[in-house]
Amino acid sequence: MRDDSYTEDFADICSCSRERHMLIDIMRAWGDHGLPDDFADDGVRPAFNRRSGHVFLVNADYQVAMLRDGRLESFYVCPYRGDEGFFDDLVELYDELCEEDRDFVRVLARRLGKTIPGVEVTE
């Protein structure tokens, strides 16, 4: 069975005014503020998830950058259970995550120089 919920085809992304405007806003944010610091600029291209309705940027490493409050911010997927969100979303979910995904969020916090309330993130 083919899953066609994900596309990088401009014709698909721009087939609707809503998605076209999302892409324009993403490109404007990239031009005005740049990419997130932890997002590699190799192979950057727009993508669209038909299930979620989100337009976003993806790179050669399949990192994801999404528009948030007029800026691009990295969007993460936990490697074990698949929980996803921006860093602060994952912090809010922290107590509900499996131990392996908690490790992922702690490593992410160290890499980003951020904290998780009540959690030691240093090595």
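Data table
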| read-out | value |
| --- | --- |
| Fluctuation leader among Arg110, Arg51, Arg68 - the chain, Gaussian network, Cα springs under 10 angstrom | Arg51 |
| Computed [θ] at 222 nm, helices only, for the chain once each DSSP H run of length n ≥ 4 contributes -39500 (n - 2.57) | -10000 deg cm²/dmol |
| Max mean-square fluctuation residue, GNM over the chain, Cα-Cα springs under 10 Å, options Leu112, Leu67, Leu35 | Leu112 |
| Residues in the range 35-78 reached by a label modelled at Arg28 [backbone nitrogen below 15 Å; 7 Å Cα→Cβ] | 67-72 |
| Selection from Val58, Ile116, Phe75, by position along the positive dipole direction of the range 44-123 (Cβ) | Val58 |
| Residue with peak Gaussian network fluctuation, the chain [Cα springs, cutoff 10 Å], from Ala40, Ala65, Ala11 | Ala11 |
| Inter-part distance where the range 63-86 and the range 7-56 are each reduced to a Cα centre, Å | 13 Å |
| Computed FRET value (nearest 0.05) for Val44 with Arg110, which takes r as the C-beta separation and R₀ as 22 Å | 0.30 |
| Relative contact order [Cα under 8 Å, 6+ residues apart], the range 1-91, whole percent | 24 percent |
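We did not get these values from a lab; they are worked out from the coordinates using the rules stated. Because the structure is a prediction, the values reported are computed rather than measured. A quick note on method: Cβ atoms are made from the backbone with ideal geometry, for glycine too, and the neighbour counts reach across all protein chains shown.
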